[in-house]
Amino acid sequence: MTPLLSVKTLRKTYGAHVGCTDVSFDLFPGEVMGIVGESGSGKTTLLNCLAGHLTPDRGQVIFDTRADGPRDVLAMSEPERRMLGRTDWAFVHQHARDGLRMNVSAGGNVGERLMAVGARHYGAIRAQAADWLGRVEIDAGRIDDRPTTFSGGMQQRLQIARNLVTQPRLVFMDEPTGGLDVSVQARLLDLLRGLVRDLGLSAIVVTHDLAVVRLLAHRLMVMKDGRVVETGLTDQVLDDPQHPYTQLLVSSVLQV
Amino acid sequence: MAMIEIENLSKTFQLHTQGSARIDVMRDLSLRVEAGECVALTGRSGAGKSTLMRMIYGNYLAAGGSLRIAGTDVVTASPHDILRLRRETMGYVSQFLRVIPRVPTIDVVAEPLLALGTPTAAARDRAAYLLTRLNLPERLWRLSPTTFSGGEQQRVNIARGFAHEYPVLLLDEPTASLDPVNRAVVLDLISAARHRGAAIVGIFHDAEARAQVCTREVDLTAFVPGRAV
């Protein structure tokens with residue numbers, strides 16, 4: 001089976017400071033990879049390098065494109081990469097307002113991404129937007145409301161609908177449940193899990209919340225000081241951690 | 001056919017946060033389990049029964065040896081391969097239910113089938129059948145099992161573990177907190193799984209249950225390093 005994403009010896013520095021280095025892994029279709037580590041461990045830098053928001057100093061990010069098979073994203077032209085970002089890739093930001101257009105209606109937010117890939121028929125776009133609002137459990141009556149009138153949890157679900165409407169194959173998520181109430185988190189996790197399963201999505205999820213990765217991620221990478229210190233099946237890494245830092249991380253979680 | 005083939009398996013825990021203590025818990029364990037067998041792991045507390053179950057499931061890493069499930073060595077397999085084994089081949093009924101809080105019971109039970117691509121209606125039918133057999137009232141099916149009693153949660157866990165007919169089943173005290181009626185149902189499910197050819201490994205503290213469903217007992221005390229047998 002061809003990996004959907006194959007990352008090889010990725011490195012990003014900020015002057016003398018190492019953002020992330022020596023990162024290599026394969027992600028297969030339908031798999032969710034969690035990346036955990038404390039603030040400053042390089043997990044967000046890594047995510048941004050993978051998603052094309054930052055240019056790494058070294059390494060390869062090979063994506064199995066629909067048209068041409070595996071290609072190094074870093075060697076693509078800017079328009080090609082931007083097209084990928086609108087079609088096969090999606091990015092869910094921690095703060096929904098970074099991923100939404102706040103002065104455009106909910107339906108417009110979802111429809112905009114469809115129009116970016118060529119949809120022009122207003123009725124069809126609106127119908128698809130309504131369908132997706134339903135899937136993320138936003139009442140159809142809110143389609144013409146702006147996200148500024150939504151709660152935090154609804155904004156996050158709207159951001160997910162906007163991202164998934166073009167049926168991407170790979171979703172990058174930066175702390176997707178961060179800053180939400182626990183009850184809203186559970187609902188979002190359930191939604192994401194269902195979408196991963198039903199649409200065969202692959203995802204890379206950066207979070208510091210070990211409970212979130214246990215429920216959402218199949219595999220886990222633990223980062224410290226810009227390096228991957230441990231990697232494996234999520235439950236194995238959490239239940240039988242090998243690296244001193246992972247053991248510290250797991251043993252530091254407060255039991256409820 | 002041997003569905004589980006374990007050779008010279010060993011396990012060590014190194015506790016870096018506690019003075020780098022190194023604890024050897026298992027040495028040179030070998031075990032073969034054929035299709036249609038139900039093996040009970042025995043031995044005193046600390047003999048490594050749960051540890052072995054977790055190693056077979058790929059939840060704990062081995063320090064050495066090999067552990068083949070339907071031909072795939074879990075000790076050296078990639079996470080990708082272990083995920084496939086867990087989806088298709090190997091089911092695990094643990095003592096604890098770990099689920100996303102608001103997911104309805106019926107979907108918790110149907111999930112292993114959905115993960116295999118079974119249509120939703122068929123997966124829910126199978127879930128409903130198992131929940132009915134395990135006497136879980138239908139009014140509870142739409143609720144999340146997080147607020148259920150221990151015995152109810154255990155039955156949800158069992159229904160989930162038996163939803164797909166795994167060729168290999170790992171059962172950690174499947175009858176522990178059940179009343180006699182449900183205990184009998186679970187023992188029936190285990191026997192039926194064995195007769196359809198599943199290779200089963202379990203921990204059963206209930207001696208009668210063990211006698212009723214198991215074809216063999218294996219005492220793990222012999223594989224604990226550095227202690228008199």
Check: What residue among B:Ser149, B:Thr132, B:Tyr92 has its Cα farthest toward the positive end of the dipole of the range B:27-158, where the charges are +1 on Lys, Arg and -1 on Asp, Glu, each on the Cβ?
Finding: B:Ser149
Checklist line | Surrounding net charge for A:Ala119, when Lys and Arg each add one and Asp and Glu each subtract one, Cβ distance under 12 Å | finding: +3
Check: When B:Ile200, B:Ile106, B:Ile23 are ordered from fewest to most other Cβ atoms inside 10 Å of their Cβ, what list results?
Finding: B:Ile23, B:Ile106, B:Ile200
Note to self: Along the charge dipole of the range A:56-168, pointing to its positive end and built from +1/-1 on Cβ of Lys, Arg, Asp and Glu, which listed residue (A:Pro56, A:Ala161, A:Val73) has its Cα farthest out?
What the structure shows: A:Ala161
Next item on the list: Using a 10 Å cut-off on Cβ to Cβ distances, tally the other chain neighbours for every residue of A:237-250 and report the average as a whole number.
Entry: 3
Item checked: Test item: B:14-25 mean partner chain Cβ contacts at 10 Å -> 2
Next item on the list: For chain A, with a Gaussian network of springs between Cα atoms less than 10 Å apart, report the residue from A:Gly178, A:Gly123, A:Gly194 with the top mean-square fluctuation.
Entry: A:Gly123
Margin query: Rounded to whole Å, give me the distance from the Cα center of the range B:150-229 to that of the range A:78-152.
Written below: 49
Check: How long, wide and thick is the range A:124-256, going by the Cα atoms along their three principal axes, in whole angstroms, largest first?
Finding: 53, 29, 24
Checklist line | 29 Å tail of the calculated P(r), chain B, as % of Cα pairs | finding: 29
Item checked: Point-charge dipole on Cβ atoms (K/R +1, D/E -1) for chain A, about Cα centre, debye to 20 -> 660
Note to self: More than 44 angstrom separation, counting every C-alpha pair in the protein assembly as shown; what % is that?
What the structure shows: 18
Checklist line | Test item: A:225-236 mean partner chain Cβ contacts at 10 Å | finding: 3
Note to self: What does the charge count around A:Glu137 come to, taking other residues whose C-beta lies under 13 Å from its C-beta (Lys +1, Arg +1, Asp -1, Glu -1)?
What the structure shows: +2
Notebook entry, point to check: When the C-alpha atoms of the range A:101-167 are aligned to their principal axes, what extent does each axis show, in angstrom, from largest down?
Noted result: 30, 22, 19
Next item on the list: Please get the size of the charge dipole for the protein assembly as shown, origin at its Cα centre, with Cβ charges of +1 on Lys and Arg and -1 on Asp and Glu, quoted in debye to the nearest 20.
Entry: 640
Item checked: Label-point separation, B:Ala21 to B:Asp179 (7 Å along Cα→Cβ), nm -> 4.2
Note to self: Under the rule a/c < 1.5 gives rounded, and otherwise a/b versus b/c splits prolate from oblate, where does chain A land using the Cα gyration tensor?
What the structure shows: oblate
Note to self: Nothing charged except the Cβ atoms of Lys and Arg (+1) and of Asp and Glu (-1): what's the magnitude of the dipole of the range A:101-167 about its Cα centre? Round to the nearest 20 debye.
What the structure shows: 180
Note to self: Show me, bin by bin at 5 Å from 0, the whole-percent P(r) of the range B:76-118 based on Cα pairs.
What the structure shows: 5, 17, 23, 24, 19, 8, 2, 0
Margin query: Could you tell me which residue out of B:Ala184, B:Ala122, B:Gly65 lies farthest along the dipole of chain B toward its positive end? Charges go on the beta carbon: Lys and Arg +1, Asp and Glu -1, centred on the Cα centre.
Written below: B:Ala122
Check: B:Ser30 to A:Leu248: FRET efficiency via 1/(1 + (r/R0)^6), r the Cβ-Cβ distance, R0 41 Å, to the nearest 0.05?
Finding: 0.75
Note to self: When only alpha-carbon atoms are used, what values of Rg and Dmax, in angstrom, describe the range B:116-229?
What the structure shows: 16.1, 55
Note to self: Less than 13 Å Cβ to Cβ from A:Phe63, Lys/Arg counted +1 and Asp/Glu -1: what total charge do the surrounding residues give?
What the structure shows: -1
Note to self: Quick query: amide H of B:Glu217 versus all other amide H atoms, modeled in the peptide plane; which residues come in under 5 Å with a sequence gap of 5 or more or a different chain?
What the structure shows: B:Ala40
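Coordinate-derived values only; no laboratory data. Since the structure is predicted, the reported quantities are computational estimates derived from the model, not experimental observations. No Cβ is skipped: glycine too gets one built from the backbone with ideal geometry, and neighbour counts run over all protein chains shown.
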